[in-house]
Amino acid sequence: MKIFCIILAAIMLIVLGGGCGVSGEYKNRLGEEIVYLQQKQRNLVEFDEKIVLGADLDKKNERKSIKKWIKNNKKSPNMDKALFLQGQAFFDRKLYYQAFESFEKLLDEHAASELFEAALYKETEIACLFLMGKKRKVFGFIPSSARTEGVTILEQAAQRWPGSELAAKALMIKADYHNDKRRLLEALYDYQAVIDECKNSRRSSQGIAALYEQAMLRCAEVTHNLFLGPEYDGTCLADALIRYQQYQLNFPKKARQANVNSQMKLISDQQAQKELEIANYYQRTHKNASAKLYWKMIRQQWSGTEWAQEAQDNIEEGIQNSEFRIQKEEEREREARIQNSEDKR
């Protein structure tokens, strides 16, 4: 009974592994990516499977017949085509990880194949399906979350064809996944990788230009989202402002559509609030000179805002408190002198 419970727990861990799913918005975006990848594949695979497999092809039991052919024809020049057919057969049966393994073997052993590009697009499509929540079959029948595998497949796809539109696309899908899961530092790293991939691309295409623009905007957005509030470090605000400015400079029309100006105004507002929090901290810890320095800076740099007005109010209150304190000290000194005179008499 104890062994049974352990096995059952292990199966449940496999089935439920991978954590929470992705948002509906990201699922829709993945659906669009899958359509794009399928369109790219259409003109890349042009051969007759009957010519490749000949009499060994059995449509009723396609996977077994392909497996048998591969076993019996290891030195055939058509091995890459047979592996592609095997991968497609697994894919059609929704055995996505087994399909990935067939395409991966094609890429590993036949890098010069005319099917290299098609296999890579197919692997990227499988990665998208995994990120959408499609399961891989462990031991051929136990469904298991495969989002981690999906991320790994995207990384490998980018590494196999550096400088290509597909490499940038794979990295963008991965970055969007991390962004959707609120893994902001990983998302920021991945978006920057997309930017670098597009800059280093030897090909200039509308697809690469679009990915470059999207990655620049999302880099700015994610950097801004790293800000947790005025009580926390505000370095990311300055970084986000610079990224938005760069985006606005490179894509002025897109920047207007994305309402970048309002985002930059919000960042400026948050910076002022952050500086005011620092000033107030100095006041609370009786470092009045430092507090006054910050208040004056806020009043000057963010004039006309509520934060500048609050800083001005604090300065005036500080002056009044200082004058009141001086007045009290003078009164105490005067009383002390009178007391001393009376004691001497």
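The values are calculated or read from the model by the stated rules, or taken from the named source; none is laboratory data. Every value quoted in this text rests on a predicted model; they were computed, and no experiment measured them. Positions of Cβ are generated from backbone atoms using ideal geometry, with glycine treated the same way; all protein chains shown enter the neighbour counts.
Among the residues making up the range 91-103, those that are assigned to a helix (DSSP H, G or I) and touching a residue at least 24 places away in the same chain (Cβ under 8 Å) are 91, 96, 97, 98, 99, 100.
Quick check: is even one residue across the range 250-264 in contact with a Ser or Thr (Cβ under 9 Å, 6 or more places away or on another chain) and small (Gly, Ala, Ser)? No, every residue in the range 250-264 fails to be in contact with a Ser or Thr (Cβ under 9 Å, 6 or more places away or on another chain) and small (Gly, Ala, Ser).
Inspect the range 324-345 for any residue being modelled with pLDDT under 65, of a type in the set (Lys, Arg), on the phi < 0 side of the Ramachandran plot and outside any helix (DSSP H, G or I) and give the result as yes or no. Checked against the condition, which is being modelled with pLDDT under 65, of a type in the set (Lys, Arg), on the phi < 0 side of the Ramachandran plot and outside any helix (DSSP H, G or I), the range 324-345 yields at least one hit.
Residue-by-condition table, conditions (1) of a type in the set (Val, Ile, Thr); (2) under 19 Å from residue 36 (Cα atoms); (3) touching a residue at least 40 places away in the same chain (Cβ under 8 Å):
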| position | (1), (2), (3) |
| --- | --- |
| 134 | no, yes, yes |
| 149 | no, no, yes |
| 154 | no, yes, no |
| 165 | no, yes, yes |
| 171 | no, yes, no |
| 180 | no, no, yes |
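For the range 5-26, filtering for residues that are surrounded by 15 or more Cβ atoms within 10 Å (Cβ to Cβ) and modelled with pLDDT of 50 or more leaves 3.
What about residue 120, is it touching a strand residue (DSSP E or B) at 6+ places or on another chain (Cβ under 8 Å) and within 25 Å of residue 33 (Cα to Cα)? The answer is no for residue 120. Within the option set 205, 145, being crowded, with 16+ Cβ neighbours inside 10 Å and over 24 Å from residue 259 (Cβ atoms) holds for one residue only, 145. Please determine, by comparing only the residues of the range 62-90 that are over 36 Å from the mean Cα position of the chain (by Cα), of a type in the set (S, T, N, Q) and in a helix (DSSP H, G or I), which one is farthest from residue 45 (Cα to Cα). By that ranking, first place goes to 72. Exactly one residue among 176, 180 is buried (at least 21 other Cβ atoms within 10 Å of the Cβ), closer than 30 Å to residue 252 by Cα and among the acidic types (Asp, Glu), and that residue is 176.
List the number of the failed condition for residue 91; all other conditions in (1) modelled with pLDDT of 90 or more; (2) of a type in the set (Phe, Trp, Tyr); (3) in contact with a Leu (Cβ under 8 Å, 6 or more places away or on another chain) hold. Going through the list (1) modelled with pLDDT of 90 or more; (2) of a type in the set (Phe, Trp, Tyr); (3) in contact with a Leu (Cβ under 8 Å, 6 or more places away or on another chain), residue 91 breaks only (3).
Pick from 171, 166: which is modelled with pLDDT of 95 or more, touching a Phe, Trp or Tyr at 6+ places or on another chain (Cβ under 9 Å) and hydrophobic (A, V, I, L, M, F, W, C)? 171 is the lone residue from the list that is modelled with pLDDT of 95 or more, touching a Phe, Trp or Tyr at 6+ places or on another chain (Cβ under 9 Å) and hydrophobic (A, V, I, L, M, F, W, C).
Beta carbons closer than 6 Å, at least 6 apart along the sequence or on distinct chains, pair a first residue in the range 222-248 that is more than 15 Å from residue 278 (Cβ to Cβ) and in contact (Cβ under 8 Å) with a residue 12 or more places away in the chain with a second that is outside any helix (DSSP H, G or I) and of a type in the set (Phe, Trp, Tyr) for 236/227.
Scanning the range 273-293 for residues that are in a helix (DSSP H, G or I) and farther than 30 Å from residue 219 by Cβ gives 279, 280, 281, 282, 283, 284, 288, 289, 290, 291, 292, 293. Among the helices (runs of 4 or more DSSP H) confined to the range 160-272, the ones with at least 1 residues that are under 17 Å from the mean Cα position of the chain (by Cα) and within 29 Å of residue 21 (Cα to Cα) are located at 165-180, 184-199, 206-225, 235-250.
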